[in-house]
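Right, one structure below, let's go through it.
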Amino acid sequence: MRTLWPAQKTITASLPIIFNYLAIRRWTPRLQSTLQMATTAQILANRQNSEKSSGPVTAAGKAAVSRNATRFGLFSVANFVQPEEQAIFREFESGYLAELAPATSLEQTLACEIIHAAWRLRRCASLEIAPPENLADEELDRLQISIDRARAAAQRTFHRSLKELRRLQTENLHPAEVMIKQAMAMDALLKKDLDNRQRQLTEGSAHNFAKQTQSQPVKTAPIPRSAPCPCKSGEKYKRCCGKNAPPVLTTSRAA
C-alpha cells in the first residue's frame, strides 16, 4: 500500500473544498439575477408595455393576424379568401347554396363541404395561372406539386359530398314528389329533343332552298336576230350586240 506524505494528505483533503468554492463563484451571479425580485417601478412599466402591445383589437385585424402563417391557402381548414375576393366569394357561396338547396343540418354540412372544395379548386386554378413572381424554379416546382395534391383532394371531397347530398335529398322526398321530378326531367328531355329536331328541319329546309336557288339560273327569252338591239342603238340585234348569236327558230302553228 502506498504511503502518502502529510502535505499530500492535506492537498487531497482540500480538493473538494476548492471545487465547491469554484462552483459557487461561477454560479452565484446567475442565481442572484434569477432570484432578484423586480421593483415596483419595473412591474408598473411591464404592465403598461403589455397594454400597449396587446395585438389587434378589431375583427378585421384579428382575421388578418390569423392568416399570418398562411402562404397560399391550398390546405387551409377555412376558406382562404383574400380581402379583394370577399364580394366574389359571397356571390360564389350564394350561387352554390341556391343550386344545392340544403334543407336539413346534415345537408347544410355537406353543402359547406362542397363549397369549400369548389373554392379550393378555384384557388388551385388561380395559382397555376398567376403564380407569385418572387419564387425560384425549385419553389415553383414544389408549389405545383402542392397544387396537384390539393386539387386531387378537393375533387374527391367535392364528388363524394355531392353524391351523398343528392342521395339524402332523394331519400327525404315523398314518392309523389319523386315521380313529379322524374316527369319534369323527362318533359325537359323531350322538349330539348323536339327543339333540336325543329332546328335541324329549319336548317335543312333553308339549305335546300338555297341550293335550289343557286342551281336554277334565271331563264330569259331568246332575242330574235332581226329585233331591235336591247342596247337602244337603233340597229338590229344581229348587226349590233347579237352578231354571234345563233338564229332563233320559231315554229308556225296552223290556225
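The values are calculated or read from the model by the stated rules, or taken from the named source; none is laboratory data. Since the model is a prediction, treat every value here as computed from it, not as a measurement. No Cβ is skipped: glycine too gets one built from the backbone with ideal geometry, and neighbour counts run over all protein chains shown.
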Taking residue 165 as the residue in question, decide whether it is touching a Pro at 6+ places or on another chain (Cβ under 8 Å) and either at pLDDT below 90 or under 20 Å from residue 73 (Cα atoms) (or both). no
By residue number, the members of region 149-177 that are of a type in the set (Asp, Glu) and loosely packed, with under 13 Cβ neighbours inside 10 Å are 171, 177
Those residues of region 77-113 which are charged (D, E, K, R), within 16 Å of residue 163 (Cβ to Cβ) and surrounded by fewer than 16 Cβ atoms within 10 Å (Cβ to Cβ) amount to 99
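Matching residues to (1) out of contact with any strand residue (DSSP E or B) (no Cβ under 8 Å at 6 or more places or on another chain); (2) part of a helix (DSSP H, G or I); (3) of a type outside the set (A, V, I, L, M); (4) free of Cβ contacts under 8 Å to residues at least 60 places away in the same chain:
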| position | (1), (2), (3), (4) |
| --- | --- |
| 102 | yes, no, yes, no |
| 123 | yes, yes, yes, yes |
| 131 | yes, no, yes, yes |
| 150 | yes, yes, no, no |
| 154 | yes, yes, no, yes |
| 157 | yes, yes, yes, yes |
